Amino acid sequence: MGKVKIHPLIIFTLIMSSISMTLSAYRNFSNQEIGYESVFTVLFISLTGLVIQSMMRNKKKIIKIPSEFQFIDVG
């Protein structure tokens, strides 16, 4: 089965979540809460990695699924 393209809205949501994690990490760092800051920094890095991976995946050539397999009526 071919790779499926990731919807741009999901990529946009990941970017917004990543920005939110960055702001939370900065706020916790300024309040001297190093534990929370490190957790939000790790979340920021992982979400940014997901955004980069999904954008690279969408740029690759996608194998089209034949039309008879796209909509299967179960019932």
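Ranked by Cβ crowding within 10 angstrom, fewest neighbours first, how are Thr13, Thr48 ordered? Present the calculation step by step, with values, prior to reporting the outcome.
On the way: Thr13 13, Thr48 17.
Going from least to most buried by this count: Thr13, Thr48.
Between Asn58 and Ser20, what FRET efficiency comes out of the Förster formula 1/(1 + (r/R0)^6) with R0 = 35 Å and r the beta carbon distance, rounded to 0.05? Mind showing how you got there, number by number?
Values: r = 23 Å, r/R0 = 0.65.
My answer for the efficiency is 0.95.
Computed from the coordinates by the stated procedures, all read-outs in this text should not be read as laboratory data. Computed from a prediction, not measured in an experiment: that's the story for all the values here. Here the Cβ is made from the backbone with ideal geometry for all residues, glycine too, and neighbour counts use every protein chain on show.
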